[in-house]
Amino acid sequence: MFTHSTLNKFILSLCVFLTSLQEQAKAQVVLGTPNLGFTQACANESFNTYSLSFVFSPESALESSNQFSIEMSNGDGDFTESTIIYTSQPGEFTTSPATLEFTLPETTAGENYRLRVKSSAPAANSSGSANFAAYYKLQDSPFTINNLVSTGAYCTGGSYLLTIDNPGTGNNDSPLNYPSLTFNWFKETSPTTAEFIAEGPTLSVSTEGTYFAETNYGTCTSDSFSNRVTISEASSGEADATIVSSLGNPFCPEQGNTTLSTIGGISYQWYKNGELIAEAVEQQYQTNESGTFSVQVDLGDCSASGSIDLVSELFNSDINVDEVNSIEDGESITVIVTTDAIAPEFQWFYNDQLMPNETSDNIEASNFGEYKVIITETSGCNSSKAYEFMVEEALDPFPDVDKIPNLISPNGDSINDTWVLPQKYVSGTNTDVMIMNNRGVVVFQTQDYQNNWPETNLNLTNINQVFYYIITTENDETKKGSITVVK
């Protein structure tokens, strides 16, 4: 039989127990299985935003400090080594259902990931989501193998090693620069199908066929694949050694040297126009010249050879004037440039100053001085050529001199270089001009004197050598004297 005191204690204990049950019930929350907004996640640098939604109950169970987080399993769906990939702000989500956005880690690569949601206050976990494939595509552009050479050959009983190029030629984005990536090799079985051969950065081939590599992004589509290489067996004779120019063919020398590459072998020897290039004994050879380049490749028990007619796209041009041009004061000379450059532009300079109004392929040069024209090809191979020339005042070949000179100095300074006579004795007057050396041997004679003696080197034996002249006019008037030639 309960006493009054015992009954009060029982009622108090019952109230405490019921209150405790009520608090425990309030502190519990149930998180529903996440519903993914995608079937597979193929992320890259330009796209990496995904979402999931879930329900939770009761909403009143969430404390003000609660944070939801997303836990990601490993690629096999195991949460033992999971990764937290998203955490909300305290109290950010208070109503059900909730949608969370997240990004994938760059190390993501697998076919069977799962996600689950966790709450912090109160602590609870959802069930794991459906499995999905997920990859972060660190490298998502075409890359090269075999130095971009489209063929390879092996001797009977041997093999050929295909490799992913690193770095390769040009702007090749080698996937070998990303250590976390793996690679799959395939052999074509038809123009649209292929069979998997092996994994790894290299592939040893001993069967004829066409091979290529892809970065392993599983079921995600990707542009990270290589060029095709056709491998053949050199069972007899000599195999073909394809040669590839890194800048294409024709190539633009303004971009620098182009790299010629051939198939892999034991040793190499390059030739240009049939002549051996002594230092060219590697798989690649650089040049900026046009010509027929060939290579001999030692494959071990057999060999391969190939050639390429390499063409430079440097344009052709010409100019119609000499380096030095003479005109008289008031005259001009028409300068014309001819070229096969594509969409050429012309810049003309006078005494190193740009002539802004002269932009065509020709000018009228009327001022004495130094000129230059620069021709620039603006389409295709963007390159330039320059021509320089001079316009100077022409010397009067028959100046009106008073006396017959007795001293000349033929040293090329355009001053007193030749024996210049008065006009009544020169061309057109039928005057006989004869010059003899000091032994009486005639060294020059004409009836049409052009004020041009001496035209050639006199091979003087003395510093100042004396010659003698006899001038006989049409009327038999005679002038005699000496000419001292200063060496």
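Extents of the range 30-136, largest first, come to 38, 27, 20 Å (Cα atoms, principal axes, whole angstrom).
Spin-label model, ALA130/PHE368: points 7 Å from Cα along the beta carbon direction are separated by 9.3 nm.
Convex hull volume of the C-alpha atoms in the range 239-310, normalised per residue: 74 Å³.
Ellipticity at 222 nm from helices only: DSSP H runs of n ≥ 4 in the chain, each -39500 (n - 2.57), divided by the residue count, give -1500 deg cm²/dmol. Computed from point charges on the beta carbon alone (+1 for Lys and Arg, -1 for Asp and Glu), the dipole magnitude for the range 317-393 about its Cα centre is near 420 Debye. Determine the distance separating the Cα centre of the range 473-487 from the Cα centre of the range 219-274; give it in Å without decimals. Taking the Cα centre of each part, the range 473-487 and the range 219-274 sit 76 Å apart.
Compute the signed sum of charges (Lys and Arg +1, Asp and Glu -1) over the other residues within less than 14 Å, Cβ to Cβ, of SER307. Spelling it out: positives minus negatives among the neighbours equals -3. Net charge of the neighbourhood of GLU377, taken over other residues with C-beta under 11 Å away and scored Lys/Arg +1, Asp/Glu -1, is -3. Label reach from TYR178 (point 7 Å along Cα→C-beta): in the range 92-121, amide nitrogens under 16 Å belong to 104-111.
Legend: calculated FRET efficiency, SER53 to SER150, from the Cβ-Cβ distance at R0 = 51 Å, rounded to 0.05, equals 0.55. With angles folded into 0 to 90 degrees, how steeply does helix 4-27 sit against the dominant principal axis of the chain? Use alpha carbons for both and round to 10. It works out to around 20 degrees. Largest first, the extents of the alpha carbon coordinates of the range 407-486 on the three principal axes equal 37, 29, 17 Å. Note on the range 30-136: with charges restricted to the Cβ of Lys and Arg (+1) and Asp and Glu (-1), its dipole about the Cα centre is near 220 debye.
For THR207 and ASP301, a Förster radius of 25 Å and the Cβ-Cβ distance give a FRET efficiency of 0.90, rounded to the nearest 0.05.
Counting pairs on different chains as well as pairs 8 or more places apart, how many Lys pairs in the chain have Cα atoms under 24 Å apart? Close lysine pairs found across the chain: 9.
Entry note, the chain: relative contact order of 8 percent, from Cα contacts under 8 Å with a spacing of 6+ residues. Between ALA343 and SER88, the contour length at 0.36 nm per residue exceeds the alpha carbon distance by 85.8 nm. The charge dipole of the range 152-232, taken about the Cα centre with unit charges on the Cβ atoms of Lys, Arg (+1) and Asp, Glu (-1), comes to about 120 debye, rounded to the nearest 20. For the pair GLU275 and ASP318, the difference between a 0.36 nm per residue extended length and the Cα-Cα distance amounts to 12.5 nm. What the Cα convex hull of the chain gives, in volume per residue, is 329 Å³. Rg over Rh for the range 317-393 works out to 0.98, using Cα positions for both radii and the Kirkwood form for Rh. The range 193-279 has equivalent-ellipsoid semi-axes of 30, 21, 11 Å, by the square roots of 5 times the alpha carbon gyration tensor eigenvalues, sorted largest first.
Multiplying the residue separation of THR33 and ASN411 by 0.36 nm and subtracting their alpha-carbon distance yields 125.7 nm.
For THR242, what is the net charge nearby, where nearby means another residue's Cβ is under 14 Å from its Cβ and Lys, Arg count +1, Asp, Glu -1? For residues surrounding THR242, the net value is -2.
Each reported figure results from applying straightforward, stated rules to the coordinates on display, with no laboratory input. Every value quoted in this text rests on a predicted model; they were computed, and no experiment measured them. Methodologically, a virtual Cβ is constructed for each residue, glycine included, from the backbone with ideal geometry; neighbour enumeration extends over all protein chains shown.
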